[in-house]
Amino acid sequence: MSETAFEPKIVGFLCNWCSYRAADLAGTARIKYEPNVRILRVMCSGRIEPSFVLKAFALGADGVMIAGCHPGECHYLEQNYKTMRRFEMLRHTLRAMGMEDDRLRLQWASAAEGAALAKAINDMVDRVRKLGPLTWSKQWSEDSGRVDAVRRMAEEHAEAMEVPA
Amino acid sequence: MSERVGVYVCHCGTNIAGVIEVEALAQWAKENLPGVTVARDYRFMCSSLGQELIQEDIRKEGLTRVVVAACSPHLHEKTFRTACANAGLNPYLCHMASLREQVSWVTENKALADEKAKALLAGAVRRVQLQEPLEPTEVPVNPTTMVVGAGIAGIQSALELAEAGDQVILVEREPSIGGHMAQFDKTFPTLDCSACILTPKMSDVGLHPNIRLLSYSEVEQVTGYVGNFQVRVRKKARSVKEEACTGCGICIDKCPKKVVDEVFEAGIGYRKAIYRPFPQAVPKFPVIDRESCIYFERGTCKACEKFCPTNAIDFTQADEYMDLDVGNIILATGYDLFDCTKLPQYGYSRLANVFTSLEFERMCNAAGPTEGKIVLRDGVTTPKSVALIHCVGSRDKRHHPYCSAVCCMSALKFGHLVMEKTGAEVYSFYIDMRPLHKNYEEFYDRLQQEGMHFVRGRVAEVTDAARMPGEDGKLIIQAEDTLIGRQRRVPVDMVVLLGALQPRADAREVALRFGISCSIDNWFTERHPKLDPVATMTDGVFIAGTCQGPKDIPDSVSQGAAAAARVQGMITSGTVLIEPIVAHIDEARCSGCRICNALCPFNAIDYLEDKAVSEINAALCKGCGTCVAACPAQAITGNHFTYDQIVAEIEGVLYDAVLVNGAHAPKLPDLLEPAGTAVRQESHR
């Protein structure tokens, strides 16, 4: 990758049954897409711990894609709904910490959707490329940023944190 | 503990080597990735010579881990795992990096492809070092099979297995076996009488010593796992003692209560309150419908009991529950017909002479309510013109996007029967004709020659509002004829709606009960759409017939037989290996919070009250890892996808990432440290 242009590094967590097979299909069909996403295979998107995503960001990823079977088509019946819940929670938290939404993406892809997955990857790479490198943890290392982030989180969760009378 | 990793980069002819510098990649791995003892590239790793290369290195170089950078693990993981096992290395210590599907086939820029290949390889090498040896468990297979649903697919499965000498328990919800096929008059394209080819098979089922038939019964609960299922079946009260009944049918003759038969006669015929759906029913025992029986309503009558020569009537019979042990399960639960009232523009239930395809089947059937005469709803008038509307609810984004596969051929069959029996004019309104199988196109040709009219266009409306001369008292079909590009109004006497085949109303519930999955439309999902059409993701549960998707009789029969063959394979081998990729709970770390309990759709997690911890039943666990991710105490380990393994892979694929706090990633040798040391601390600085 060239020195001047920013090329994001994105970690993709793909479930074994639908989305990883979609990636296989994109390959078999020779669909060309951006090489920025490095794919890890898990059995189910339900295996993806929020800490894996945080870990990837901490280690220098500029974006993380979580991919699974379409709702209702999960190989494990309904585990992708749990992924959906975790994703929303994670995004909420990351947003409160000042991270742009486009850096974390939940993508459904059936085993037949190689082209759709490739398109989603291209789209995500484009968006993250526009955002530039992740500077989130840099903010965190400065005191003011940290205080701001904590305040933002407190505001976001004000309702939940309220002590009932 | 330092592992000796062997890295094997496959050229795959030019599939990989044409894009990625494979030699340089292997060299790079050897020089830069900690733990790599041997790194080679080879033209075809999956060839026997390629596999021998790995095996020789395992023996001579003492490799403890193997990484094959080649194609997708879905293609050759098994190949390389077996190769490792044959050389004495536990198969789960081998890992693949998908350079072909994820890099060389999808990346245009060769330099970037090399970069990505390095990252994927770094991830695999780092991960493999933390992988642990695993052993599959071997469990015996109970040779008895349960077949659920006794339509033609289930009947075929049951007979195939029984003929091969295996025990079958056949469960059917309705009082008789036979399914939809028993309702049909003729079958396309041969115009065989449906009952004539089905009823011999039904009686074979009824008489077969290896088949235990549980009709008027439903599966309530399924527990256990492949080879060893426990199924609870509820045998609904027939109010007739099967051991005493001879099936003489006097009770049916004497019963004074007549009700509309919504199931077998599709609502256009009657049956008694004590009934057999049809004369050739198997089993022959009648059943009392307690909803309509006068005795159950008012407490008097008992005509059936008075006239029964063998005292077989038992008004006090209760539902019976049976717990059955089976090794495999075949689901052949069939389909429902689309509810045509959902398309009010076609007038079904509002306009008397609009019929559904199933009503029409019963009408054509010589044993049906009109004794095979095609007549209008008044029961006497023969129609002079009939319109057949295809794709009612199918190929329609508002209802079912899919094609129901059988309607075109049913319409041709109906057209033939109408012309043969009444001489009426027949109009078929179709979107596309899809006569796909053997001799189907020929049948279509034949109907064109017989003078059936084909109008290509989806019907907009069926109305009785006459606007033109000749439309009075008729049903008018308003449709665009797309072949001539004009709107047409066709007045007819009778309309038949070829409703979509749709999943059973309770398909999702049933799928959940058997632990299998459904597509968005609610059809049961097969393990692989092309290469494994009768297995499901749940080992030991197979599917056959229309519960998997719309299909015709020959396809249902093929699937029924195929499912039986799959089950027989399991029975013959006698044991089954259970994949060790499951989760387990470390009791010492479990706080008994029970968060994981509710997350498991397979009920694999039990809470042990006495120890106040949760426990995973490995035989039920499917290894999705959702509980692993949820455990707040990290007490659950997901075999082969442990926290450390996945984090190591993340660290690997990001080996070249620039950390956001400005520092570069740790130099490669640091990656040698066990996961969770140097890299993580740096990132949290």
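The values are calculated or read from the model by the stated rules, or taken from the named source; none is laboratory data. Just so it is clear, the model here is predicted, and its values are computed rather than measured. All Cβ positions, glycine included, derive from the backbone under ideal geometry; neighbour counts span all protein chains shown. Note: accessible area is taken over every heavy atom of the protein model, side chains too, but ligands, DNA and RNA are not part of it. Shrake-Rupley method; radii C 1.70, N 1.55, O 1.52, S 1.80 Å.
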Please verify whether B:Leu120 is within 7 Å of another protein chain (Cβ to nearest Cβ), over 17 Å from B:Arg40 (Cβ atoms), modelled with pLDDT of 95 or more and open to solvent by less than 30 Å² (accessible area, probe 1.4 Å), treating the condition exactly as stated.
yes
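For (1) closer than 22 Å to B:Val168 by Cα; (2) touching a Pro at 6+ places or on another chain (Cβ under 6 Å); (3) within 12 Å of another protein chain (Cβ to nearest Cβ), each residue gets a yes or a no:
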residue	(1), (2), (3)
B:Ala505	no, no, no
B:Ile520	no, no, yes
B:Thr525	no, no, yes
B:Val534	yes, no, no
B:Val541	yes, no, no
B:Thr546	yes, no, no
Considering only strands (runs of 3 or more DSSP E) wholly within the stretch B:246-359, the ones with at least 2 residues that are open to solvent by 70 Å² or more (accessible area, probe 1.4 Å) are B:320-326
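Taking B:Cys593, is it in contact (Cβ under 8 Å) with a residue 24 or more places away in the chain and either among the hydrophobic types (A, V, I, L, M, F, W, C) or within 11 Å of chain A (Cβ to nearest Cβ) (or both)? Working first, answer last.
Numbers: in contact (Cβ under 8 Å) with a residue 24 or more places away in the chain: yes; either among the hydrophobic types (A, V, I, L, M, F, W, C) or within 11 Å of chain A (Cβ to nearest Cβ) (or both): yes.
Taking the combined requirement at face value, the residue satisfies it.
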Does B:Ala619 qualify as being more than 10 Å from every other protein chain (Cβ to nearest Cβ), within 30 Å of B:Gly165 (Cα to Cα) and assigned to a loop (DSSP other than H, G, I, E, B)?
yes
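In the list A:Arg95, A:Arg86, which residue meets the criterion of being in contact with a helix residue (DSSP H, G or I) (Cβ under 7 Å, 6 or more places away or on another chain) and either at the interface with chain B (Cβ under 10 Å from one of its Cβ atoms) or acidic (Asp, Glu) (or both)?
Values: A:Arg95 fails: either at the interface with chain B (Cβ under 10 Å from one of its Cβ atoms) or acidic (Asp, Glu) (or both).
A:Arg86 is the lone residue from the list that is in contact with a helix residue (DSSP H, G or I) (Cβ under 7 Å, 6 or more places away or on another chain) and either at the interface with chain B (Cβ under 10 Å from one of its Cβ atoms) or acidic (Asp, Glu) (or both).
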Look through A:Arg30, A:Arg21 and report the one residue that is within 7 Å of chain B (Cβ to nearest Cβ), among the charged types (D, E, K, R) and under 28 Å from B:Arg508 (Cβ atoms).
A:Arg21
Could you please find all residues in the stretch B:105-117 being at the interface with another protein chain (Cβ under 7 Å from one of its Cβ atoms) and open to solvent by less than 20 Å² (accessible area, probe 1.4 Å)?
B:Val106, B:Thr107, B:Ala113, B:Lys116
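Can you tell me which of B:Val219, B:Val139, B:Val168 is surrounded by fewer than 23 Cβ atoms within 10 Å (Cβ to Cβ), touching a Lys or Arg at 6+ places or on another chain (Cβ under 9 Å), more than 30 Å from B:Leu63 (Cβ to Cβ) and among the β-branched types (Val, Ile, Thr)? Can you show your working first?
Working: B:Val139 fails: touching a Lys or Arg at 6+ places or on another chain (Cβ under 9 Å); B:Val168 fails: surrounded by fewer than 23 Cβ atoms within 10 Å (Cβ to Cβ).
Step by step, each of B:Val219, B:Val139, B:Val168 is checked, and only B:Val219 is surrounded by fewer than 23 Cβ atoms within 10 Å (Cβ to Cβ), touching a Lys or Arg at 6+ places or on another chain (Cβ under 9 Å), more than 30 Å from B:Leu63 (Cβ to Cβ) and among the β-branched types (Val, Ile, Thr).
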Here is a list: B:Arg504, B:Arg489, B:Arg467, B:Arg456. Which entry is under 35 Å from the mean Cα position of the chain (by Cα) and over 30 Å from B:Thr525 (Cα atoms)?
B:Arg456
Given the conditions (1) surrounded by 20 or more Cβ atoms within 10 Å (Cβ to Cβ); (2) free of Cβ contacts under 8 Å to residues at least 40 places away in the same chain; (3) out of contact with any Gly (no Cβ under 7 Å at 6 or more places or on another chain), every one holds for A:Met43 apart from (3)
So which of B:Pro369, B:Pro401, B:Pro435 is in contact with a strand residue (DSSP E or B) (Cβ under 6 Å, 6 or more places away or on another chain) and part of a loop (DSSP other than H, G, I, E, B)?
B:Pro369
crowded, with 24+ Cβ neighbours inside 10 Å and either at pLDDT 95 or above or outside any loop (DSSP other than H, G, I, E, B) (or both), is that true of B:Ala97?
yes
Residues that are open to solvent by 10 Å² or more (accessible area, probe 1.4 Å) and at positive phi: does the stretch B:63-86 have at least one?
no
Quick one: in the stretch B:513-527, of everything that is open to solvent by less than 40 Å² (accessible area, probe 1.4 Å) and outside any loop (DSSP other than H, G, I, E, B), which residue is nearest to B:Pro601 (Cα to Cα)?
B:Phe514
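Among the candidates B:Cys593, B:Cys600, which residue alone is surrounded by 21 or more Cβ atoms within 10 Å (Cβ to Cβ), under 24 Å from B:Val628 (Cβ atoms) and modelled with pLDDT under 95?
On the way: B:Cys593 fails: surrounded by 21 or more Cβ atoms within 10 Å (Cβ to Cβ).
Just one listed residue meets the conditions, B:Cys600.
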Which of the residues spanning the stretch B:459-512 are without any contact (Cβ under 8 Å) to a residue 40 or more places away in the chain, open to solvent by 10 Å² or more (accessible area, probe 1.4 Å) and assigned to a helix (DSSP H, G or I)?
B:Arg508, B:Glu509
Can you name every residue in the stretch B:622-656 that is outside any loop (DSSP other than H, G, I, E, B) and facing chain A (nearest Cβ under 8 Å)?
B:Thr626, B:Val628, B:Ala629, B:Ala630, B:Gly638, B:Tyr643, B:Ile646, B:Val647, B:Glu649, B:Ile650, B:Glu651, B:Val653
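Considering only the stretch A:45-58, I want to know if a residue exists there that is touching an Asp or Glu at 6+ places or on another chain (Cβ under 7 Å) and facing chain B (nearest Cβ under 8 Å). Give the steps one after another, and end with the answer.
Quick first cut of the stretch A:45-58, residues touching an Asp or Glu at 6+ places or on another chain (Cβ under 7 Å) only: none.
No, the stretch A:45-58 has no match at all.
Considering every residue within the stretch B:49-65, establish whether at least one is closer than 30 Å to A:Asn36 by Cβ and either within 14 Å of chain A (Cβ to nearest Cβ) or at pLDDT 95 or above (or both). Please lay out each step first, then the result.
Kept after step one, since they are closer than 30 Å to A:Asn36 by Cβ, are these residues of the stretch B:49-65: B:65.
Pick out the ones that are also either within 14 Å of chain A (Cβ to nearest Cβ) or at pLDDT 95 or above (or both) and you get B:65.
Yes, the stretch B:49-65 contains a residue that is closer than 30 Å to A:Asn36 by Cβ and either within 14 Å of chain A (Cβ to nearest Cβ) or at pLDDT 95 or above (or both).
Do the conditions hold for B:Gly415, that is, is it open to solvent by less than 10 Å² (accessible area, probe 1.4 Å) and over 27 Å from the mean Cα position of the chain (by Cα)? Step through it out loud before you land on a result.
Numbers: open to solvent by less than 10 Å² (accessible area, probe 1.4 Å): yes; over 27 Å from the mean Cα position of the chain (by Cα): yes.
For B:Gly415, the condition - open to solvent by less than 10 Å² (accessible area, probe 1.4 Å) and over 27 Å from the mean Cα position of the chain (by Cα) - is met.
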Only one of B:Gln102, B:Gln131 is part of a loop (DSSP other than H, G, I, E, B), farther than 30 Å from B:Lys201 by Cα and open to solvent by less than 10 Å² (accessible area, probe 1.4 Å); which?
B:Gln131
